[in-house]
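Engineer: Take this structure first; my questions come after.
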Amino acid sequence: MGMIEKIIDWIDERAHIKDIYRTQMVEYKVPKNLTFPYVFGVLALVTFAIQIISGIVLLLYYKPSIADAFDSATYTIMGEIPFGWLFRHIHATGANFFMAIVYLHMFTGIYYNAYKRPRELVWIVGWLIYFVMILTALSGYLLPWGQLSYWGFIVTTEIPGSLGDAPILRDFFKAIAETIVLWMKGGYVVTDVTLGRVFGSHVLIYPLILLALVGIHLYLVRAAGISNPEGIEYDKKKNPDKFVPFHPYMTLKEGAYVMWYLAIFFFFVFFHIGHFLPADNFEPANPLKTPPHIAPEWYLLGFYEVFRSIPSKFWGFVAFNALLIFLLILPLLDWSPLKSARRRPLFFIAFVIFMFSSMVLTILGVMEPTPTNAKLGLTFAALVFGFFLSLPVISFIEYGWYKAKGGEQQ
């Protein structure tokens, strides 16, 4: 035991691990009234780690070629490698849970206005994480080389081609659209070049970018501090009673939530994997046989419904990209001095409409594209846009309230 302690002291003398632990865990203070939704950030980090570990195992046995991809994913990994099926189940489940947790984390941030000063950079980097996650999910969806994977990728690559329907400068936009589609496919048809490029992006480029962005995001959260659900920025020195040490109070609390989360996660891994590995995708990709129903994964259905509900493909493409941009510039749209939906009744109403409309668009995304569903999609897409466009108006009204009350602390 003495030798182990000497080794620990030797390492600590050079790495200062105890000092880092003390300053970042024990002495770091967080608001004592943090609610359950604040745990979604930790759950996202846990799921990201699960994806990295399970992905490394799958990487060892997957063959990124059209001739071997399906067999390596379906027969080699699932049937021949010890516990290979388990790691694929974990990876498939984790991909869906990761997106779900990130969405909940984003909606929590919007509800509590965690994108406002001094946390604008936290939001922007978080948006970049979300965007790279979408690219990672889209690239990973092709790798099993099943029917749904192949045709889902084909539909995804054809969406930028909608730029060719531009009402003005059509030749210019058409050239841009063709360039994007060629770059995504690696040619005019999907070949080994396409699969190799997608594989390299999925297992190397995107994970490295995500690791860097997650590290920056965590640093910025620590630098700016965790937002208070009440929407009031308390000074740690003047109001010490409003804060508690991150450890042990938050670590024990979040640790309990993580245990419950993992229990639910592995329940789906073992008993309901059919939700994440659909039977249709266990049929090899066939470019000559189009499945009757092609739709994106659930986490993109809302954007997809916005795209297809607008009669013009060009404006549909512009619309769903505009939604992404509105999410990015949210700190600029909402400049109200008030924070948290708890203290903003107008914002709360707009937020509820936004959430409900987003869920309806997701449901409509898997339904038949009938004229009635198209009108519903257009209506709820307008409500989603209305949320972002209403924020400057709500901010102006709330600024008047703020000044009328003498600019009380918010």
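So that you can scan it fast, the table gives a plain yes or no per residue for (1) closer than 30 Å to Phe348 by Cα; (2) among the aromatic types (Phe, Trp, Tyr); (3) at pLDDT 95 or above:
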{"position": "Pro207", "(1), (2), (3)": "no, no, yes"}
{"position": "Leu211", "(1), (2), (3)": "no, no, yes"}
{"position": "Gly215", "(1), (2), (3)": "no, no, yes"}
{"position": "Ala224", "(1), (2), (3)": "yes, no, no"}
{"position": "Ser227", "(1), (2), (3)": "yes, no, no"}
{"position": "Glu233", "(1), (2), (3)": "yes, no, no"}
{"position": "Asn239", "(1), (2), (3)": "yes, no, no"}
{"position": "Lys242", "(1), (2), (3)": "yes, no, no"}
{"position": "Pro248", "(1), (2), (3)": "no, no, no"}
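Engineer: Taking Phe354, is it part of a helix (DSSP H, G or I), out of contact with any helix residue (DSSP H, G or I) (no Cβ under 9 Å at 6 or more places or on another chain) and among the hydrophobic types (A, V, I, L, M, F, W, C)? Give the derivation first.
Structural biologist: Details: part of a helix (DSSP H, G or I): yes; out of contact with any helix residue (DSSP H, G or I) (no Cβ under 9 Å at 6 or more places or on another chain): no; among the hydrophobic types (A, V, I, L, M, F, W, C): yes.
No, not satisfied.
Engineer: Return the pairs, sorted by first residue and then second, in which the second residue is among the aromatic types (Phe, Trp, Tyr), the first residue lies in the stretch 397-410 and is modelled with pLDDT of 80 or more, the beta carbons are less than 9 Å apart, and the residues are 6+ apart or on different chains.
Structural biologist: Note: pairs meeting the criteria are Glu398/Phe347; Tyr399/Trp335.
Engineer: Please count how many residues of the stretch 255-274 are surrounded by 15 or more Cβ atoms within 10 Å (Cβ to Cβ) and either outside any helix (DSSP H, G or I) or touching a Gly at 6+ places or on another chain (Cβ under 9 Å) (or both).
Structural biologist: Adding up the residues that qualify gives 2.
Engineer: Something else about it: Only residues in the stretch 330-350 that are without any contact (Cβ under 8 Å) to a residue 12 or more places away in the chain count as the first member; pair them with residues that are surrounded by fewer than 21 Cβ atoms within 10 Å (Cβ to Cβ) and among the small types (Gly, Ala, Ser), Cβ under 8 angstrom, at least 6 apart or cross-chain, and list the lot.
Structural biologist: Every condition considered, the pairs that remain are Phe348/Ala341.
Engineer: Same structure, new question: I'd like the full set of residues that are surrounded by 21 or more Cβ atoms within 10 Å (Cβ to Cβ) and without any contact (Cβ under 8 Å) to a residue 12 or more places away in the chain, limited to the stretch 65-122.
Structural biologist: Ser72
Engineer: Examine the stretch 232-253 for a residue that is in the same structural domain as Tyr38 (by TED's automatic domain parsing), in contact with a helix residue (DSSP H, G or I) (Cβ under 7 Å, 6 or more places away or on another chain) and within 23 Å of Asn113 (Cβ to Cβ), and state whether such a residue exists.
Structural biologist: Yes.
Engineer: Also, I was wondering about something else. Has the stretch 344-358 got any residue that is surrounded by 14 or more Cβ atoms within 10 Å (Cβ to Cβ), of a type in the set (Val, Ile, Thr) and closer than 25 Å to Gly161 by Cα?
Structural biologist: Among the residues of the stretch 344-358, not one is surrounded by 14 or more Cβ atoms within 10 Å (Cβ to Cβ), of a type in the set (Val, Ile, Thr) and closer than 25 Å to Gly161 by Cα, which makes the answer no.
Engineer: Among the residues that make up the stretch 286-301, is at least one of them part of a helix (DSSP H, G or I) and more than 30 Å from Phe83 (Cα to Cα)?
Structural biologist: Within the stretch 286-301 (the criterion being part of a helix (DSSP H, G or I) and more than 30 Å from Phe83 (Cα to Cα)), the answer is yes, since at least one residue qualifies.
Engineer: Which residues, counting only those in the stretch 137-176, are free of Cβ contacts under 8 Å to residues at least 24 places away in the same chain and either touching a strand residue (DSSP E or B) at 6+ places or on another chain (Cβ under 8 Å) or among the aromatic types (Phe, Trp, Tyr) (or both)?
Structural biologist: Phe172
Engineer: Oh, and also: Criterion first (under 23 Å from Ile273 (Cα atoms), surrounded by fewer than 14 Cβ atoms within 10 Å (Cβ to Cβ) and free of Cβ contacts under 8 Å to residues at least 40 places away in the same chain) does Glu13 satisfy it?
Structural biologist: no
Engineer: Residues in the stretch 328-336: is at least one over 17 Å from the mean Cα position of the chain (by Cα), among the hydroxyl-bearing types (Ser, Thr, Tyr), in a loop (DSSP other than H, G, I, E, B) and crowded, with 18+ Cβ neighbours inside 10 Å?
Structural biologist: The answer is yes, given that some residue of the stretch 328-336 is over 17 Å from the mean Cα position of the chain (by Cα), among the hydroxyl-bearing types (Ser, Thr, Tyr), in a loop (DSSP other than H, G, I, E, B) and crowded, with 18+ Cβ neighbours inside 10 Å.
Engineer: Now a separate question. Scan the stretch 187-210 and give yes if some residue there is within 25 Å of the chain's Cα centre (by Cα), in contact (Cβ under 8 Å) with a residue 60 or more places away in the chain and within 30 Å of Pro245 (Cα to Cα), otherwise no.
Structural biologist: Yes, the stretch 187-210 contains at least one residue that is within 25 Å of the chain's Cα centre (by Cα), in contact (Cβ under 8 Å) with a residue 60 or more places away in the chain and within 30 Å of Pro245 (Cα to Cα).
Engineer: Answer yes or no as to whether Arg88 is part of a helix (DSSP H, G or I) and of a type in the set (D, E, K, R).
Structural biologist: yes
Engineer: Is there any pair linking a residue in the stretch 25-50 that is buried (at least 21 other Cβ atoms within 10 Å of the Cβ) to one that is in a helix (DSSP H, G or I) and of a type in the set (Asp, Glu), with Cβ under 6 Å and at least six apart or on different chains, and which?
Structural biologist: Going by the 6 Å Cβ cut-off, the qualifying pairs are Val39/Glu254.
The values are calculated or read from the model by the stated rules, or taken from the named source; none is laboratory data. On a predicted model such as this, the values are computed, not experimentally measured, just so you know. Methodologically, a virtual Cβ is constructed for each residue, glycine included, from the backbone with ideal geometry; neighbour enumeration extends over all protein chains shown.
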